[in-house]
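The values are calculated or read from the model by the stated rules, or taken from the named source; none is laboratory data. All values derive from a computational prediction rather than experimental measurement. Every residue, glycine among them, receives a Cβ derived from its backbone with ideal geometry; neighbour counts consider all protein chains shown.
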Amino acid sequence: MSNNDVEEQIIPIYADDTEIGIQLEYDYVSSKFGAYGEGWTLVKQRVKGVEQSDGSELMLDTLFIRLSDGSERAINFDITSFYGK
């Protein structure tokens, strides 16, 4: 999978609480682009609910990041497992 492919998929994050979930998101981005502050920085973040065909709601957390080369990416995480915990 190329780094561009991460923008086109939703990465599921499974965690028992918000603190752990956020750390897992940052760990994922760092595994792809290098350490926070060196390989990438957070530009903005958006959380939104998306209704699924079965009526359930999927909670998406989108991190908009800037890479060390100045390019920007958006990475989507499914945070349903820990959202609001």
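A few points about this structure:
- Among the residues of region 67-76, those that are loosely packed, with under 14 Cβ neighbours inside 10 Å and either without any contact (Cβ under 8 Å) to a residue 24 or more places away in the chain or among the basic types (K, R) (or both) comprise D69, G70, S71.
- Inspection of region 24-37 finds a residue satisfying the criterion of being on the phi > 0 side of the Ramachandran plot and surrounded by 12 or more Cβ atoms within 10 Å (Cβ to Cβ).
- Subset of region 1-31 [at pLDDT below 95 and touching a helix residue (DSSP H, G or I) at 6+ places or on another chain (Cβ under 8 Å)]: N3, V6
- Members of region 11-23 that are surrounded by 13 or more Cβ atoms within 10 Å (Cβ to Cβ) and either among the hydroxyl-bearing types (S, T, Y) or out of contact with any Leu (no Cβ under 9 Å at 6 or more places or on another chain) (or both): I11, T18, I20, G21, I22
- Restricting attention to region 33-56, the residues that are modelled with pLDDT under 95 and more than 13 Å from G84 (Cα to Cα) total 7.
- Residue in region 50-61 that is exposed (fewer than 12 other Cβ atoms within 10 Å of the Cβ) and within 14 Å of the chain's Cα centre (by Cα) present: no
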